Amino acid sequence: MNPVATTFFFYFLAIMAIVSAIAVITRRNPVHAALSLIVTLLSLAGFYLMLYAPFVAAVQIVLYAGGIVVLFLFVIMLINLEQNIREYQFNKQWIVGTIAALALGGLLAFVYRAGRDAFPSVFYSGFRGLEADNTQQIGLALYGQYMLPFEIASLLLLVAIVGAVVMAKKRI
Amino acid sequence: MGEITTLHYLVVAAGLFIIGTVGVLTRRNVIIILMSIELILNAVNLNLVAFSRLYGLHGQVFAIFVITDAAAEAAVGLGIIIAFFRNKETVNVDEVDLLKW
């Protein structure tokens, strides 16, 4: 089966994801940052489609781009940021922070270079092929092998709901 | 150009991870910091799904768990931001020093 992951689409999505991610951390206005975040998330959903993970791509669009970013936008609208936009946006340690993050990048590059021979499978470019029952397989895994983590995740969401309400309420 | 291997996806994910780390370490606005954490979680998700191409479906299941955690974290974090803004009228992390004594 021919892979849909053409080289052009990969580089297009990669450039879009990286550029909009840089926009997220450099924009002064948080609304612009949130909109750039949507672009990053959508290009990642494109990656998931190229990797034959349609269910994760759909969850990414519905939950991330449709849910979490809207939550961010709501909070940005709720609190008054006009004062903040006029202030300096980077903290005092930004040089040290950037150097530390770039050192982390150097470490990752070193690990990728050094571990190349140990993991030849990362050079595999083939595909297992599109499984038409991808969603069904994920559902079976979630309710079979991963049932306990699934229940713990639902409990975590319940705790998060209660916590968010308690946190944002004026008086309890 | 050549074929797109798993390593290409790993490099993109590493780039997103680094950008997210820079955002967490350098920005003052706590909302942007939460967005940078979302970037980091997405980089991890891309790694998981890229490896699920080689090793079966487990990576995709884990990616769904990570998305669940991201939703919970965003809800609680934004609740904290609202509660803090009500008290201090600011969202700058270097002015969050109520417990620092």
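Nothing in this text is a laboratory measurement; each read-out follows from the coordinates by a stated rule. Remember, predicted model here, so these are calculated numbers, not experimental data. Virtual Cβ from ideal backbone geometry, glycine too; neighbours counted across all protein chains shown.
Couple of notes before you dig in:
- In summary, B:Leu25 fulfils each of the numbered conditions (1) at the interface with another protein chain (Cβ under 7 Å from one of its Cβ atoms); (2) over 20 Å from A:Thr98 (Cβ atoms); (3) surrounded by fewer than 24 Cβ atoms within 10 Å (Cβ to Cβ); (4) among the hydrophobic types (A, V, I, L, M, F, W, C) with the single exception of condition (2).
- Some residue of the stretch A:31-47 being in contact (Cβ under 8 Å) with a residue 40 or more places away in the chain and not in a helix (DSSP H, G or I): no
- Condition check for B:Ile18: out of contact with any strand residue (DSSP E or B) (no Cβ under 7 Å at 6 or more places or on another chain), closer than 27 Å to A:Thr98 by Cβ and β-branched (Val, Ile, Thr): yes
- Qualifying position, being within 7 Å of another protein chain (Cβ to nearest Cβ) and of a type in the set (A, V, I, L, M, F, W, C), among B:Ile37, B:Ile33, B:Ile4: B:Ile4
- Of the residues B:Val66, B:Val44, B:Val11, the single one that is surrounded by fewer than 24 Cβ atoms within 10 Å (Cβ to Cβ), assigned to a helix (DSSP H, G or I), out of contact with any Phe, Trp or Tyr (no Cβ under 9 Å at 6 or more places or on another chain) and of a type in the set (Val, Ile, Thr) is B:Val66.
- Entirely in the stretch A:57-127, the helices (runs of 4 or more DSSP H) that have 2 or more residues that are among the hydrophobic types (A, V, I, L, M, F, W, C): A:69-78, A:94-114
- Lone qualifier among B:Gly79, B:Gly59, B:Gly20 - being small (Gly, Ala, Ser), at the interface with chain A (Cβ under 7 Å from one of its Cβ atoms) and assigned to a helix (DSSP H, G or I): B:Gly79
- The set of residues in the stretch B:82-101 being assigned to a loop (DSSP other than H, G, I, E, B) and either more than 7 Å from every other protein chain (Cβ to nearest Cβ) or free of Cβ contacts under 8 Å to residues at least 40 places away in the same chain (or both) consists of B:Glu89, B:Thr90, B:Val96, B:Asp97, B:Leu98, B:Leu99, B:Lys100, B:Trp101.
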